[in-house]
Amino acid sequence: MSEYLIEFNNISKFFGKVIALKDVTMKLKKGEIMCLLGDNGAGKSTLIKTLAGVHKPDEGEIIVEGNKTIFDSPKEALDMGIATVYQDLALVSLMSVTRNFFMGREPMKGPPLLKTFDIEKANKIAAERMGQIGIDVRDPSQAVGTMSGGERQCLAISRAIYFGAKVLVLDEPTSALGVHQASVVLKYIVKAASQGLAVILITHNVHHAYPVGNSFTVLNRGKSLGTYKKKDISREKLLSMMAGGEELNKLEVELQEMNRTV
Amino acid sequence: MSDKSKSIENKTDFNQDERLKKVSKLRLLLNRPELGALGGAILVFIFFGIVAGDTGMFSAYGVLNFLDVSANLGIIAIAAAMLMIGGEFDLSIGSMIGFAGICIAIPAIYWGWPLWMSIIFAFSMAVIIGYFNGILVVKTGLPSFIVTLAMLFILRGATLAITRLITGRTQVPGLRVLIENDPLAWIFATDTFKWVFTWLGSMNLITLRTDGTPLATGIPPSVIWFIFLAIISTWILMKTRYGNWIFASGGDKNGANNVGVPVGRVKISLFIGTAVAATIFATIQVLDAGSADTMRGTLKELEAIAAAVVGGCLLTGGYGSAIGAAFGALIFGTVSMGIFYTDVDTDWFKVFLGAMMLIAVIFNNYIRRKVTESK
């Protein structure tokens, strides 16, 4: 048995002549939060889709709990316990919290052929699960459209965990949120990891990533700039490693120049 | 006093959260998509009750008459509503009605098939055409509006061309004699609960013909089909996994796909549903009239969509109800027949239909905003 829950070794992905990913390696243990940082165009989306089974890597291998695996479809990745929560969250705002929670995986009751959607049980589980993360869905039959952005994010994560995720891949879970909402979501992510899940947190926001991450992988132009333990790298170093970091420094210098001349 | 002790008892119950404002039954009802249509139907009945209460409109014969018209529209409106909730349109319903009609009539009259075989043939064609519509929309990703608009022309044209080619005319009469003793046709051609009407007639409670038989002979098959489809569709939407998938497919196609809902299959099955509903409509009408007409069902697709919209379906999908569409059809059927009992010229019916739909769309839009943006 491997000490890692999931390993991505030297993953490469090409689209025609374009090298979208080159030799990206990531390893996660149970309970670990790895933050995947990168500016726009760094290859984050391609990497997520490769993790989720949408794209097949052209080179490299994926090892889940010591077994080499190829994901032929998103469903296979999901069956292996790798759940991806995309930015759009896969929630339908006109549908109720319960109907969203169990969308595609409805609990059933009744005799064969006359099986019906057990909405009472579903309501109860959805309310319980949301209650556990401190979100009080006052009425699980209310539409998801009435929830705040942070609550929706937590609903999507909670749903993934309920359905047996071992590895959570979160795509920019805090990017559309305010400070308070973002901290609620981040707290929940830490809690999920403490229960033994491995979390891959994809973000371009170092300030959100640094407090919760155990390790950090920086992507730039399709290549990994390396993985660092938290103790080995500072927030400032991380920031400057992302393409935007240097530019922000430059901007700062320029602004100082301008101030001096004024 | 007793209320107070009750609320303490239930404190641990999730559904009885103390922060959940006590919602009255009325407000819960307001969140249902069919509310507008239900209210509209009640208003329509009150209106005709006042204007035409003492005419024959609310006699047994009159009631069955407008119920029959409503039911026919309702059969296709319910299927159209299911498809709309699933996020698609079918503009080929009307043409499918004409096509299904000749699929029954030509084999039965010209090829000597037994009637039941022609009916099965028509339904098989409906499944194929519905499947074709569905697979085309799902595979190409084109708007169903365009794909089914093309099918509207193709089917209507083919109906005309094939009928004229085989029969030399555009109508196929002579079916009535075949209905008797057919093992299948009775499902679409029998008036039910005849004994109730005979009894009512014998008690002199309803109008009789000069020969002593009641004027209204029984519940027409369309009404039975209508009620059956309304119940089944509502049950599917509210109580089954497939129902949840319909809402999900219409609400957010990609999201539903990402969590494992077979969106393509759901949509294809709903297209088959509208084509089959059109064929039920056609079979009932063809057997009732005893003939098939190539132009039958013209513009019915738009009436079906209008009834679905009045019934609370959003044009963008993901929201609506089957029972709402049934009420929508009831409104249209009642007004289209009721108008004969008033002094109003029947030309005004279409004006009413349009105005009703406009009001419904504005109302639905408002409801959707309330449902999704209450925070």
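Quick check on region B:242-269: of everything there that is of a type in the set (D, E, K, R) and within 10 Å of another protein chain (Cβ to nearest Cβ), which residue is farthest from B:TYR319 (Cα to Cα)?
Restricting attention to region B:242-269, the residues satisfying the condition of being of a type in the set (D, E, K, R) are B:252-253, B:265, B:267.
From what's left, within 10 Å of another protein chain (Cβ to nearest Cβ): B:252-253.
Working: B:ASP252: 11, B:LYS253: 13 Å.
Among them, the one singled out is B:LYS253.
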| field | Failed criterion for A:GLY145 (all others in (1) under 21 Å from A:SER194 (Cα atoms); (2) at pLDDT below 85 hold) | value | (1)
| task | Tell me, yes or no, whether region A:158-166 has at least one residue that is more than 9 Å from every other protein chain (Cβ to nearest Cβ), in contact (Cβ under 8 Å) with a residue 12 or more places away in the chain and over 16 Å from A:ILE82 (Cβ atoms). | result | yes
| query | Taking B:PHE281 and the conditions (1) among the aromatic types (Phe, Trp, Tyr); (2) over 11 Å from the mean Cα position of the chain (by Cα); (3) at pLDDT 95 or above, which numbered condition does it fall short on, given that it satisfies the others? | reply | (2)
| note | Exactly one of A:ILE82, A:ILE63 is over 15 Å from the mean Cα position of the chain (by Cα), of a type in the set (A, V, I, L, M, F, W, C) and at negative phi, and that residue is A:ILE63
| message | Quick test for you: out of B:LEU155, B:LEU73, B:LEU149, B:LEU136, pick the one residue that is under 30 Å from B:VAL44 (Cβ atoms) and assigned to a helix (DSSP H, G or I). | response | B:LEU73
| Residue among B:THR170, B:THR210 that is surrounded by fewer than 16 Cβ atoms within 10 Å (Cβ to Cβ) and touching an Asp or Glu at 6+ places or on another chain (Cβ under 9 Å) | B:THR170
| task | Working only within region B:149-188, note down all residues that are without any contact (Cβ under 8 Å) to a residue 60 or more places away in the chain and in contact with a Leu (Cβ under 7 Å, 6 or more places away or on another chain). | result | B:LEU149
| query | Just wondering, is there one or more residues in region A:217-224 that are touching a Ser or Thr at 6+ places or on another chain (Cβ under 8 Å) and part of a helix (DSSP H, G or I)? | reply | no
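Sort through B:ILE232, B:ILE224 and tell me the only one that's in a helix (DSSP H, G or I), farther than 17 Å from B:LEU64 by Cα and either touching a Ser or Thr at 6+ places or on another chain (Cβ under 7 Å) or modelled with pLDDT of 95 or more (or both).
Numbers: B:ILE224 fails: farther than 17 Å from B:LEU64 by Cα.
None of the other options fit; the residue is B:ILE232.
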| field | Inter-residue pairs, beta-carbon under 6 Å, first over 16 Å from A:ILE161 (Cβ atoms) and more than 7 Å from chain B (Cβ to nearest Cβ) and in region A:125-146, second among the hydroxyl-bearing types (Ser, Thr, Tyr) and in a loop (DSSP other than H, G, I, E, B), 6+ apart | value | A:VAL144/A:SER93
| B:LYS239 fails exactly one of the following numbered conditions: (1) within 14 Å of chain A (Cβ to nearest Cβ); (2) touching a residue at least 12 places away in the same chain (Cβ under 8 Å); (3) surrounded by fewer than 22 Cβ atoms within 10 Å (Cβ to Cβ); (4) over 13 Å from A:GLY104 (Cα atoms). What is the number of that condition? | (2)
| query | Looking at A:SER194, A:SER224, A:SER234, which is the one that is among the small types (Gly, Ala, Ser) and free of Cβ contacts under 8 Å to residues at least 12 places away in the same chain? | reply | A:SER234
| request: Scan region B:316-375 residue by residue and report those that are touching a Ser or Thr at 6+ places or on another chain (Cβ under 7 Å), under 23 Å from A:GLN142 (Cα atoms) and more than 14 Å from chain A (Cβ to nearest Cβ). | output: B:ALA322, B:ILE323
| said: So, restricting to strands (runs of 3 or more DSSP E) that lie completely within region A:8-115, which ones have at least 2 residues that are within 14 Å of another protein chain (Cβ to nearest Cβ)? | reply: A:82-85
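Tell me the helices (runs of 4 or more DSSP H) entirely within region B:267-375 that contain at least 3 residues that are among the charged types (D, E, K, R) and under 30 Å from B:ILE128 (Cα atoms). Let's see the steps before the verdict.
Details: elements: B:300-310, B:322-338, B:348-372.
Once the helices (runs of 4 or more DSSP H) in region B:267-375 are filtered for at least 3 residues that are among the charged types (D, E, K, R) and under 30 Å from B:ILE128 (Cα atoms), what remains is B:300-310.
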| query | Can we say A:GLY149 is among the small types (Gly, Ala, Ser) and more than 7 Å from every other protein chain (Cβ to nearest Cβ)? | reply | yes
| query | Hey, among A:MET108, A:MET95, which residue is surrounded by 24 or more Cβ atoms within 10 Å (Cβ to Cβ) and of a type in the set (A, V, I, L, M)? | reply | A:MET95
| remark: Only one of B:ILE42, B:ILE78 is within 20 Å of B:SER233 (Cβ to Cβ) and under 19 Å from the mean Cα position of the chain (by Cα), namely B:ILE78
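Going residue by residue through region A:12-28, is there one that turns out to be at pLDDT 85 or above, touching a helix residue (DSSP H, G or I) at 6+ places or on another chain (Cβ under 7 Å), under 30 Å from A:MET130 (Cα atoms) and buried (at least 23 other Cβ atoms within 10 Å of the Cβ)? Reasoning before the result, please.
Keep residues of region A:12-28 that are at pLDDT 85 or above, which gives A:12-28.
Filter once more, so that each one left must be touching a helix residue (DSSP H, G or I) at 6+ places or on another chain (Cβ under 7 Å): A:13, A:20-21, A:24.
So of that shortlist, the ones also under 30 Å from A:MET130 (Cα atoms) come out as none.
No, region A:12-28 has no match at all.
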| field | Which listed residue, of B:PHE99, B:PHE123, is buried (at least 24 other Cβ atoms within 10 Å of the Cβ) and within 20 Å of the chain's Cα centre (by Cα) | value | B:PHE99
| Single residue of region B:242-263 satisfying the filter (touching a Pro at 6+ places or on another chain (Cβ under 9 Å) and either surrounded by fewer than 20 Cβ atoms within 10 Å (Cβ to Cβ) or of a type in the set (Ser, Thr, Tyr) (or both)) that is nearest to B:ALA322 (Cα to Cα) | B:SER249
| remark: Contact list, first residue from region B:108-124 and within 19 Å of B:ALA275 (Cα to Cα), second anywhere and acidic (Asp, Glu) and surrounded by 14 or more Cβ atoms within 10 Å (Cβ to Cβ), beta-carbon distance below 8 Å, six or more apart or interchain, is B:TRP116/B:ASP182
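The values are calculated or read from the model by the stated rules, or taken from the named source; none is laboratory data. Everything numeric in this text was worked out from a predicted model, so none of it was measured. Methodologically, a virtual Cβ is constructed for each residue, glycine included, from the backbone with ideal geometry; neighbour enumeration extends over all protein chains shown.
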